[in-house]
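**Q** Pasting in a structure now, in structure tokens, and then I'll have a few things to ask.
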Amino acid sequence: MFAVVFLMILSGYAVAPTLAGVALIFALVGAVTGVFHLADLGFMPIRIFGVMSNTVLIALPLFILMGVTLERTNIANKLLQSLSILMARTPGGLAIAVVLVGALMAASTGIVGATVVTLGLLALPVMLKQNYRPSFATGTIAATGTLGQIIPPSIALVLLGDVLSNAYQQAQLSIGVFNPKTVSVEDLFIGSLLPGLVLVALYATYIFTRSQFDKSVAPPAVRSEEELKLGELLTSLVPPILLIVVVLGSILAGYATPTEAAGVGACGALLMGLLQRALSIETLKEICRSTLTTTAMVFFILIGASVFSLVFRGYGGDELVSGWFTHIEHAPLLAVGIVMLVIFLLGFVLDFVEITYIVVPIVGPVLLAMGIDPVWLGVLIAVNLQTSFLTPPFGFALFYLRGVTPATVETVAIYKGVAPFIFLQLILIGILVLFPTLATWLPSL
């Protein structure tokens, strides 16, 4: 089933109908040959209804609405201009400014595509004009855009929280334990906060160090005649930081669930656009249309993945995977390592949504039954899934950036540029393995 799905996707077919279509074809062939019971398909309406009525997933369209609204206003543009002037004399200052703006956008939108496209349109022309090496400039922008995958409020963490919550309950039942407290989206948000900041620090350190020793990748900026006024800095910094404080602060303080905080964030973003007089009727129509198409795409994939996993389980695939892991149940770290490698390799051909809803429900219960901390596992998977945006041929951040990059910049340069940042993401996975408390300390408080 996996091989046929990969083949179809590589052939250019859309992911969501491919997942559901391949599953149904296998179900029919299995029914004809007597190895699959068509009665199992009777669970499909319940599964689809479960996806559409999941209260946790209501946060998705709201976070998407918040991100699209910020993208359509000039908040990121003003922020980038202010920080680039502020850091003009620092080696690689403009690139570091891009990372900082990307981190703030990640913490206020959680959408990778919006961040990559916005930074590509705003920062890339300026970086190329300042004679930044194209591969260095495009690599920085693409990698920075993926920070929305790990820094809350991340859509990936919302999906992972939903899947791991079910996996954790299955794991407890399988070992004869019932614990009403389960892993939640809030736990993953809090657990990913420190690793996200560490990744930002790794990016900035790499950019500064490489720019310091190799002037050709980021030539020293020409002294700018433009001075940054305190008022301009405050007006560009305060709105996004205020939105981050309201959204994340309400979750961390326990005043709101991620779904409620997403609603507050969406209202806050619309209010900010209104106050800046950037929210015309036409702009609002564009925001609604973009939010609708993005949300529909995500849920279509969730439904396709749900059909795929149902047929996969009907064939006994989950029992097969569980049987493999029983041979190494005495070595849980080895099992986690194997899963991490599989997810990393799948990231070359699948999107994070498909991996989350196809692979994690299968391996999650088995790993959690071994005693693996669910928050630590969730953050590890989230960082690993982040690489899927940068790994060719199907790295979505590469697609987004290619769409807004001048034709003079070769696609190969973009691929070369992201390689060091993929390595930095893998370093963060290593740090999390060596120091699990980086992910579990804040949630324990």
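The values are calculated or read from the model by the stated rules, or taken from the named source; none is laboratory data. All values derive from a computational prediction rather than experimental measurement. Every residue, glycine as well, gets a Cβ built from its backbone with ideal geometry; the counts of neighbours run over all protein chains shown. To get the accessible areas, we keep the full protein, side chains included, count just its heavy atoms, and leave off ligands, DNA and RNA. Shrake-Rupley method; radii C 1.70, N 1.55, O 1.52, S 1.80 Å.
**Q** Grab the eigenvalues of the alpha-carbon gyration tensor for the range 150-221, scale each by 5, take roots, and send me the semi-axes largest first in whole angstrom. Each step should come with its number before you reach the end.
**A** Numbers: eigenvalues 348, 23, 16 Å².
Semi-axes, largest first: 42, 11, 9 Å.
**Q** Moving to a separate point now. Phe399 accessible area, nearest 10 Å², 1.4 Å probe?
**A** Accessible area of Phe399: about 100 Å².
**Q** May I ask for the Rg/Rh ratio of the range 295-445, computed from Cα atoms with Rh as the Kirkwood radius, given to two decimals?
**A** Values: Rg = 17.3 Å, Rh = 17.0 Å.
For the range 295-445, the value is 1.01.
**Q** Next question, about the same structure. Cut-off under 30 Å on the C-alpha distance; same-chain residues fewer than 8 positions from Lys416 excluded. Which lysines are left, in chain and number order?
**A** Candidates past the 8-residue exclusion: Lys78, Lys129, Lys215.
**Q** Let me ask something else. What does the charge add up to near Leu193, with Lys and Arg as +1, Asp and Glu as -1, over the other residues with Cβ less than 13 Å from its Cβ?
**A** Numbers: positive: none; negative: Glu186, Asp187.
Within the 13 Å Cβ shell, the charges total -2.
**Q** Carbon and sulfur atoms: what percent of the 1.4 Å accessible area of the chain do they account for? It would help to have the intermediate numbers written out before the result.
**A** Details: 13490 of 19300 Å².
In the chain, the share of accessible area belonging to carbon and sulfur is 70 percent.
**Q** Using a 1.4 Å probe, how large is the accessible area of Val200, given in Å² and rounded to the nearest 10?
**A** For Val200, the solvent-accessible surface is approximately 20 Å².
**Q** Something else: Once you put a point 7 Å from the Cα of Gln212 and another 7 Å from the Cα of Met52, both along the Cβ direction, what distance in nm separates them?
**A** About 5.7 nm separates the two model spin labels.
**Q** Largest first, how would Met127, Met297, Met272, Met8 line up by accessible area (1.4 Å probe)?
**A** Details: Met127 0, Met297 90, Met272 30, Met8 65 Å².
Of Met127, Met297, Met272, Met8, the descending order of accessible area is Met297, Met8, Met272, Met127.
**Q** With r defined as the distance between the Cβ atoms of Phe348 and Leu445 and R0 fixed at 30 Å, what FRET efficiency is calculated, to the nearest 0.05?
**A** Numbers: r = 37 Å, r/R0 = 1.24.
So, using R0 = 30 Å, E works out to roughly 0.20.
**Q** Considering the alpha-carbon set of the range 40-99 alone, what are its Rg and its Dmax in angstrom?
**A** Rg then Dmax for the range 40-99, in Å: 21.0, 64.
**Q** Which whole-percent values make up P(r) of the range 1-43 when all C-alpha to C-alpha distances are grouped in 5 Å steps starting at zero?
**A** Reading upward from the zero bin: 5, 24, 27, 20, 14, 10, 1.
**Q** Still on this structure: Would you kindly find the accessible area of Glu410, with a 1.4 Å probe and non-protein molecules such as ligands, DNA and RNA excluded, rounding to the nearest 10 Å²?
**A** Surface accessible to solvent at Glu410 totals approximately 130 Å².
**Q** May I pose another question? Taking the solvent-accessible surface of protein heavy atoms with a 1.4 Å probe, what is the per residue accessible area of the chain in Å²? Write out the running numbers ahead of the final one.
**A** Values: 19300 Å² over 445 residues.
For the chain, the per-residue accessible area is 43 Å².
**Q** Arrange the residues Tyr415, Tyr255, Tyr357, Tyr203 by how much accessible surface each exposes, largest first, with a 1.4 angstrom probe. Mind showing how you got there, number by number?
**A** Details: Tyr415 85, Tyr255 190, Tyr357 30, Tyr203 0 Å².
The ranking, largest first, comes out as Tyr255, Tyr415, Tyr357, Tyr203.
**Q** Another one. Stretch Thr283-Val404 to full length: gain in nm at 0.36 nm per residue minus the Cα-Cα span? Mind showing how you got there, number by number?
**A** Values: separation 121, 0.36 × 121 = 43.56 nm, distance 2.05 nm.
Length gained, Thr283 through Val404: 41.5 nm.
**Q** Right, another one. Looking only at Cα atoms, what is the convex hull volume of the range 205-362 per residue, in Å³?
**A** Residue-normalised Cα hull volume stands at 252 Å³.
**Q** A follow-up question, please. If eta is 0.692 mPa s and T is 37 °C, what Stokes-Einstein diffusion coefficient results for the range 249-332, Kirkwood Rh from Cα pairs, in µm²/s? Can you show the working numbers first?
**A** Numbers: Rh = 17.3 Å.
Rounded, D is 190 µm²/s.
**Q** Okay, next question. For Asn131 paired with His330, estimate the spin-label separation in nm (one decimal), with each label point 7 Å from Cα along the Cα-to-Cβ line.
**A** Spacing of the two 7 Å Cα→Cβ label points: 6.3 nm.
**Q** Also, I was wondering about something else. Give me the tail of P(r) for the range 99-170 as a percent: Cα-Cα pairs with distance above 16 Å. Show your work: numbers first, answer last.
**A** Values: 1318 of 2556 pairs.
Summing the P(r) of the range 99-170 above 16 Å gives 52 percent of all pairs.
**Q** Towards the positive end of the charge dipole of the range 316-425, with charges on Cβ (+1 Lys, Arg; -1 Asp, Glu), say which of Pro406, Leu350, Ile328 has the farthest Cα.
**A** Farthest towards the positive end: Pro406.
**Q** Just reorder Tyr315, Tyr132 by solvent-accessible area, largest first, 1.4 Å probe, all chains present. Walk me through the numbers before you get to the answer.
**A** On the way: Tyr315 85, Tyr132 10 Å².
Result of the area sort, largest leading: Tyr315, Tyr132.
**Q** Two decimals, Cα atoms only, Kirkwood Rh: what is Rg/Rh over the chain?
**A** Values: Rg = 22.2 Å, Rh = 22.6 Å.
Dividing the radius of gyration by the Kirkwood radius yields 0.98.
**Q** Here is a further query. Relative contact order for the chain: what percent, with Cα pairs under 8 Å and sequence separation of 6 or more? List each step's numbers first, then the result.
**A** Working: 656 pairs, mean separation 121.5, N = 445.
Computed value for the chain: 27 percent relative contact order.
**Q** Report, to two decimal places, the Cα Rg of the range 40-167 normalised by 2.2 N^0.38 Å (N = number of residues). Present the calculation step by step, with values, prior to reporting the outcome.
**A** On the way: Rg = 18.2 Å, N = 128, 2.2 N^0.38 = 13.9 Å.
That works out to 1.31 for the range 40-167.
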